[in-house]
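Working notes for the structure below.
The values are calculated or read from the model by the stated rules, or taken from the named source; none is laboratory data. Every value quoted in this text rests on a predicted model; they were computed, and no experiment measured them. Here the Cβ positions follow ideal geometry from the backbone for every residue, glycine too, while neighbour counts run over all protein chains shown.
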Amino acid sequence: MPHSMSVGEGSSCQKSKLSWVVGMRPQIWVPMVVVLSLSSAMFAQNEPVSAGLALTPPMGFNTWNKFECSVSDELLRGMADAMVKSGMKDAGYQYIVIDDCWQVSRDAKGNIVADPQRFPFGIKPLVDYVHSLGLKFGIYSDAGSKTCQGRPGGFGHEFQDGLQYAAWGVDYLKYDWCNAENQDARATYALIRKALDASGRPIVLSVCEGGKAKPWLWGKEVGGNLWRTTNDIGDKWNDKVKWPDGSCCALNVMDILDAQVGLESYAGPGHWNDPDMLEVGNGGMTATEYRSHFSLWATLAAPLMAGNDLRNMTLETRDILTNKEVIAVDQDPLGREGRRVWKNGDLEIWVKQLQGGSCAAVLLNRGASERNITLKWEQIGYAKHLPARVRDLWAHKGLGSFTGEFSATVTPHAVVMVTVRP
Ligand code: GLA
């Protein structure tokens, strides 16, 4: 009878293979097991420790927009407390990021030194405190030998700093591009990513190059998790914003918005276009304009880094920053960046595809008088006859079912932001 293998035979065959190993003398199989485990560990190392970070756009707070160089241990602890108490942590904010000016020098061994007056306990206890609240900690450095504020930069100390940040428990590094004009941006950011990974700690890398070297073309490849697409934001809707030294000019919200057109295909889970940090609550715009700024950034799948004083927010500011329906659009797991699908003078429609076939739409009126804006289903890729439920994400209410199009009246500098679910 031709031999046909039964289940019993198969399992007994496996057993006999096992007994072949177990039956060996330990002097032979113990080293074999060690070699096998080492080689599988080596294969595992092919995946960098930073793989899988920032699968949705990072959310947090950064000191720069409001406090510039006035940073301290007390300020950062206060912001971390406020992030929890205000409900921002519950809404998804996570990173407490200290920007420029925390560092003053390097010691004899080249280690970076924090300002001893402003950080009397050093950085580690501050990071531990932030972690104890269930939040994460971010720090700032620069690719050149000096930061934008003339503090010691990272040039030539990349691996040393990477180890230091990891030892402090840092989770996020914003790496700036002042005094680095003679360096190659792509190679420089690849180097700092390598240094961070070599520390063994998963650290989000925020590429702050300002957009000149088009980081959207190479940021993902070098392990950047987000990259600034433009120069700095200023706290204005569409006016010129002078730099702190009086020279001209930082960008306003409308300038930055225009600069995002065409970049949408470069963003995705783990690697995001960064149109710069939020100005919501800093006083240079109206509440309507801040609502628009926040809605547009969410539609762009932008990192949502609050830049205001979280300890002293008006309820209006807090309600903008913690609008969970708008945040859900930003954090949608599909990770698509929204794009401008229609423009007619001051009127625009921006659309972001969401997981499950629905989408978010922002009807934006940049002008000075109230206008009506109509979103047509073909602008979002839906058939004309398709009925879809429309929900207003600022009014927090369903507006009903619409077929073919949805129209809304939009006041000056405002948005109507909706989800459309077929
Ligand atoms: C640059 C960056 C800002 C901020 C400052 C700090 O201008 O773009 O976001 O980090 O440096 O000096």
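Overview of values
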read-out	value
Given (1) within 24 Å of residue 264 (Cα to Cα); (2) not hydroxyl-bearing (Ser, Thr, Tyr); (3) not in a strand (DSSP E or B), index of the condition residue 385 fails	(1)
Hits in the range 141-155 (condition: under 20 Å from residue 69 (Cα atoms) and more than 22 Å from the chain's Cα centre (by Cα))	144, 145, 146, 149, 150, 151, 152, 153
The range 197-252: number of residues that are in contact with a strand residue (DSSP E or B) (Cβ under 9 Å, 6 or more places away or on another chain), basic (Lys, Arg) and free of Cβ contacts under 8 Å to residues at least 40 places away in the same chain	2
Filter result (within 17 Å of residue 366 (Cβ to Cβ) and part of a helix (DSSP H, G or I)) within the range 234-275	253, 254, 255, 256, 257, 258, 259
Test: residue in the range 214-229 that is surrounded by fewer than 20 Cβ atoms within 10 Å (Cβ to Cβ), among the hydroxyl-bearing types (Ser, Thr, Tyr) and assigned to a loop (DSSP other than H, G, I, E, B)	no
Helices (runs of 4 or more DSSP H) (entirely within the range 44-147) containing at least 1 residues that are within 15 Å of the ligand (Cβ to nearest atom) and modelled with pLDDT of 95 or more	64-67
Test: residue in the range 154-175 that is more than 13 Å from the ligand (Cβ to nearest atom), modelled with pLDDT of 95 or more, of a type in the set (Asp, Glu) and in a loop (DSSP other than H, G, I, E, B)	yes
Single condition residue 181 does not satisfy, out of (1) away from the ligand (no atom under 16 Å from the Cβ); (2) at pLDDT below 95; (3) not hydrophobic (A, V, I, L, M, F, W, C)	(1)
Filter result (within 16 Å of the ligand (Cβ to nearest atom) and among the polar types (S, T, N, Q)) within the range 184-215	188, 206
Unmet criterion (only one of (1) touching a Pro at 6+ places or on another chain (Cβ under 9 Å); (2) assigned to a loop (DSSP other than H, G, I, E, B)) for residue 296	(2)
Residue 349 being within 27 Å of the chain's Cα centre (by Cα) and in a helix (DSSP H, G or I)	no
Among (1) in contact with a helix residue (DSSP H, G or I) (Cβ under 9 Å, 6 or more places away or on another chain); (2) assigned to a helix (DSSP H, G or I) - the single one residue 337 does not satisfy	(2)
Number of positions in the range 165-190 that are out of contact with any strand residue (DSSP E or B) (no Cβ under 6 Å at 6 or more places or on another chain) and either surrounded by fewer than 18 Cβ atoms within 10 Å (Cβ to Cβ) or β-branched (Val, Ile, Thr) (or both)	9
Options 257, 251; residue that is more than 16 Å from the ligand (Cβ to nearest atom), among the aliphatic types (A, V, I, L, M) and under 19 Å from residue 303 (Cβ atoms)	257
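A quick yes/no check of all residues on (1) under 19 Å from the mean Cα position of the chain (by Cα); (2) closer than 17 Å to residue 161 by Cα; (3) surrounded by 13 or more Cβ atoms within 10 Å (Cβ to Cβ):
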{"site": "108", "(1), (2), (3)": "no, yes, no"}
{"site": "111", "(1), (2), (3)": "no, yes, yes"}
{"site": "120", "(1), (2), (3)": "no, no, no"}
{"site": "139", "(1), (2), (3)": "yes, yes, yes"}
